[in-house]
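Q: Following this message is one structure expressed as structure tokens.
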Amino acid sequence: MHGDNRIKKPGREKIEIVNINSSSKLITVTPSSIEMGSAEESKIDITLNPGKETGQIEEYLYITIALPIEVVIKER
């Protein structure tokens, strides 16, 4: 089984997805990181690596992102 999924980021700021993975050994995700520009869409491939398991399984993808923020430090 092979899935074709997309992540779309609205807005103008660039973000970096620093890690995409699953805790399951049955799932492979590529790429493992993505840098996305303004309102860009990126493709991720999710592949199921069947083992001895049969039937429906429920697993999770974990996506860690680095969001740019702007902070104003005022004098005290």
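The values are calculated or read from the model by the stated rules, or taken from the named source; none is laboratory data. Everything quoted here is computed from the prediction, not taken from an experiment. Backbone-built Cβ (ideal geometry, glycine too); neighbour counts: all protein chains shown. Accessible surface areas use protein heavy atoms only, side chains included; no ligands, DNA or RNA. Shrake-Rupley method; radii C 1.70, N 1.55, O 1.52, S 1.80 Å.
Q: Show the residue pairs meeting these rules: Cβ distance below 6 Å; 6+ apart or different chains; first residue within the range 28-44 and open to solvent by 50 Å² or more (accessible area, probe 1.4 Å); second residue among the hydroxyl-bearing types (Ser, Thr, Tyr) and at pLDDT 80 or above.
A: Within 6 Å, the pairs are THR28/THR47.
Q: Sort out which residues of the range 46-73 are farther than 12 Å from LEU26 by Cβ, part of a loop (DSSP other than H, G, I, E, B) and of a type in the set (A, V, I, L, M), and write them in order of number.
A: LEU67, ILE69, VAL71, VAL72, ILE73
Q: Right, something else. Across the range 1-45, what is the number of residues that are at pLDDT 80 or above, among the aliphatic types (A, V, I, L, M) and not in a strand (DSSP E or B)?
A: Qualifying residue count, the range 1-45: 1.
Q: Looking only at the range 55-68, count how many residues are within 16 Å of GLU35 (Cα to Cα) and either surrounded by 12 or more Cβ atoms within 10 Å (Cβ to Cβ) or at pLDDT below 75 (or both).
A: Count: 5.
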